[in-house]
Structure formats: structure tokens, C-alpha cells
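The values are calculated or read from the model by the stated rules, or taken from the named source; none is laboratory data. Only a predicted model underlies this, so the values are computations on that prediction, with no experimental measurement involved. When we count neighbours, we look across all protein chains shown, and the Cβ atoms used for this are built from the backbone with ideal geometry, even at glycine. Side chains are part of the model used for accessible areas, which takes the heavy atoms of the whole protein and leaves out ligands, DNA and RNA. Shrake-Rupley method; radii C 1.70, N 1.55, O 1.52, S 1.80 Å.
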Amino acid sequence: MKFSSHEDIEAPIEEVFGDVTDFQAFERQALRRGAEVQRVDDLTQPGPGMMWDAAFDLRGKRRDVRIELTRLDPPNGLLAESRSPGMEGRFEVDLVALSRGRTRLSVTLSLEPKTLSARLLVQSMKLARKSLTRRFRKRVADFATELENRHKKATLA
């Protein structure tokens, strides 16, 4: 199952990349939403090999996931892969400079079930595909708007 979205942001690619790779902010956001997140690597600088263990409730069941940053290509994007007992996922962010002050953000999330119970979960998600796609695109759009507003504040200050 695959979700994708893209948004154009009125900010330079370097600033958008900086916000997209603010991993601590994403950790805090996940914690506020009720997930447990713990960084499990020893890297001092952001880069491939960064790993997190996350646990959250989804559809009435506790899910444990290991997330690994497998590609970091400044300022063009990143790739994170996740593994749980029954499912694998890929989260890809691509950035393209449309001009000096405008960037296109493309986000793709792919899920691949590996067990029967994971296939059932994905099948139920496919039944709700329209609403899940709408929610995914809204989250990406909200993130893009937040980045744009942050950039506008910084240039005015």
C-alpha cells in the first residue's frame, strides 16, 4: 500500500531540508501523540544508520517498529525504512529546488505486509484508502504550511 503527496513551499531548499531532518522535533511530536520513541544508535551527526525504536497503539493493538535512516542526501532528501514483526515500510522525502526561494516537497510512504495478520491490517486500510489518503495529504500540507510560515517569520525578523 502506498501513499504519496507533494507540496510547493516558499522557502529555500536548504531551509526545508533542515526542517525535514529535525529528528528531535519529530520525536517530540510522536511522544505528544502517545507513541514511545527511543533513539538506539550511537551516531553524533545525522546520517545513515540513525535508528529509533517506536511503539504505539494502532487499531487496538500495540505495534513495535524499528526505524532506520538508510539514505540522507543533503539537500535533496532522505529515506527511512521501518520493520515490525509483520510489516516493512519505506518513508521517502524528496526535495527539488524550483527556484532560489521555492522548494517542492514530495513524501511517499509504502507499506508491505509480511504476515497474514499484517495483510489483514493492510486490507482494512485499503478499504479506508480514500480517507487515509486525504489525512496523509492534509498532514503533509499542514507540515508544508508550517515550514512556510516559519520561513516568513525568520525573513521578517
Using a 1.4 Å probe over the heavy atoms of the protein chains, calculate the carbon and sulfur portion of the accessible area of the chain as a whole percent. 51
1.4 Å probe accessible area per residue over the stretch 87-157, in Å²: 68
Longest principal axis of the chain (C-alpha) makes with the long axis of helix 116-127 (C-alpha) an angle, in degrees to the nearest 10, of 50
Here the relative contact order (percent) of the chain, from C-alpha pairs under 8 Å and at least 6 apart, is 29
Computed over the chain: longest principal axis from alpha-carbon atoms vs helix 23-32 long axis, angle to nearest 10 degrees, is 50
Using R₀ = 25 Å, calculate the FRET efficiency as 1/(1 + (r/R₀)^6) where r is the Cβ-Cβ separation of LEU156 and PHE23; round to 0.05. 0.40
Assign unit charges at the C-beta atoms only (+1 for Lys and Arg, -1 for Asp and Glu), then state the dipole size of the chain relative to its Cα centre in Debye, rounded to the nearest 20. 1020
Considering the chain as a Gaussian network with a 10 Å cut-off on Cα pairs, which listed residue, GLY18, GLY60, GLY101, attains the greatest mean-square fluctuation? GLY60
Using helices alone, what [θ] at 222 nm do you get for the chain, with -39,500 (n - 2.57) per DSSP H run of 4 or more residues, divided over all residues and rounded to the nearest 500? -12000 deg cm²/dmol
List the trypsin sites (Lys or Arg not before Pro) in the stretch 54-157 that DSSP assigns to loop (not H, G, I, E or B) and whose Cβ has at most 12 other Cβ atoms within 10 Å. Which are they? ARG59, ARG100
Listed here are the pairs LYS2/LYS138; LYS61/LYS126; LYS2/LYS114; LYS114/LYS138; which of them are more than 21 Å apart at the Cα? LYS114/LYS138
If the label point is 7 Å along Cα→Cβ of LYS126, which residues in the stretch 1-32 have backbone nitrogen under 18 Å from it? 1-4
Rounded to the nearest 10, the angle in degrees between the Cα long axis of helix 129-156 and the longest principal axis of the Cα atoms of the chain comes to 30
For the stretch 51-123, what is Rg from Cα atoms divided by 2.2 N^0.38 Å, rounded to two decimals? 1.35
Computed from every Cα-Cα pair in the stretch 1-148, P(r) in 10 Å bins starting at 0 and rounded to whole percents is 11, 37, 38, 13, 1
